[in-house]
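Contents: one structure, followed by commentary.
The values are calculated or read from the model by the stated rules, or taken from the named source; none is laboratory data. On a predicted model such as this, the values are computed, not experimentally measured, just so you know. Neighbour counts are summed over all protein chains in view; Cβ atoms, including those assigned to glycine, are modelled from backbone coordinates with ideal geometry.
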Amino acid sequence: MPGKKIILFIVEGITDQVSLAAVLEQIFSDSQVSFQITNGDITTRVNQTSATIAAEVGKVVKEFCGNIFSAKDFLQIIHVVDMDGAFIGPDHVQKGNVLHPVYTDEYIETSDVKGIIERNEQKAENLKRLIGVKKVLRTIPYGVYYFSSNLEHVLHNKRNLRRREKDELAKEFERKFLQNKEAFIKQMRDSEIAAEGDYEETWEFIGEGENSLKRYTNFGLCLKENEDKDCNQENELL
């Protein structure tokens, strides 16, 4: 609707958007909820380093803007990432006769140990840089929030899924919370999966030990920020 500021969610794939769009439109109903799909993990792209990753996020936002929007049209940028075990030690990457990496709570099994270790090192360094980014295009508030080890792991307690399975679960999740934002918020704050603490503390937590393989998220923090804003607005009207 005219006059609404944009909350842009940057996500890796279409199943992220299908799972989250409907319920987030309810939660952030005072804003225009939009998505920009990056078609993969921008933190692990070839030659993507901690020196270039912030500019890459800016590029993603500019692609969304095109010739239609400018920085003044945005309320905030919420970047959603899978952890993929990025912070585990090299000794938790094990050799296995598998076609694709297999994720567990304690280790990653892969046919390419060196490749996964290098991927993790790159992803970890880029995420550390993004955690410190507070603004995109100079003025738009930015935050990066994680699902560990990935979105399906947090939302459904399932991982190592095929694309078709992910598509089916995304549609199921969309239907489940289509008119039930309270249940979604409750799930995101469930003590079994919600990392405790503020923004920086939740990132410190996920970087410890094998936590980036286990079932945790700090996505509930951006939902809380929205509630806090609503409460402040209500108090101003009293």
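For segment 103-158, filtering for residues that are touching a residue at least 40 places away in the same chain (Cβ under 8 Å), of a type in the set (S, T, N, Q) and in a helix (DSSP H, G or I) leaves 2.
Within the set SER34, SER70, the sole residue that is among the hydroxyl-bearing types (Ser, Thr, Tyr) and within 18 Å of ASP16 (Cβ to Cβ) turns out to be SER34. Can LYS186 be described as under 17 Å from the mean Cα position of the chain (by Cα) and at pLDDT 95 or above? Spelling it out, it is not the case that LYS186 is under 17 Å from the mean Cα position of the chain (by Cα) and at pLDDT 95 or above.
Can you find a residue in segment 20-30 that is closer than 16 Å to THR139 by Cα, modelled with pLDDT of 95 or more and among the β-branched types (Val, Ile, Thr)? The answer is no; no qualifying residue exists. Taken over segment 100-129, residues that are hydrophobic (A, V, I, L, M, F, W, C), surrounded by fewer than 21 Cβ atoms within 10 Å (Cβ to Cβ) and in contact with a helix residue (DSSP H, G or I) (Cβ under 7 Å, 6 or more places away or on another chain) amount to 1. When ILE78 is tested against (1) within 30 Å of SER29 (Cβ to Cβ); (2) out of contact with any helix residue (DSSP H, G or I) (no Cβ under 6 Å at 6 or more places or on another chain); (3) not charged (D, E, K, R), only condition (2) is not met. With respect to the conditions (1) within 29 Å of LYS224 (Cβ to Cβ); (2) surrounded by 17 or more Cβ atoms within 10 Å (Cβ to Cβ); (3) hydrophobic (A, V, I, L, M, F, W, C), ILE14 falls short on a single one, namely (2).
Among all residues of segment 81-100, there is at least one that is within 20 Å of PHE28 (Cα to Cα) and hydrophobic (A, V, I, L, M, F, W, C). All of (1) within 25 Å of GLN76 (Cα to Cα); (2) modelled with pLDDT of 95 or more hold for SER212 with one exception: (1). Taking the criterion of being surrounded by fewer than 16 Cβ atoms within 10 Å (Cβ to Cβ), part of a helix (DSSP H, G or I) and touching a residue at least 60 places away in the same chain (Cβ under 8 Å), the only residue of segment 27-60 that qualifies is THR44.
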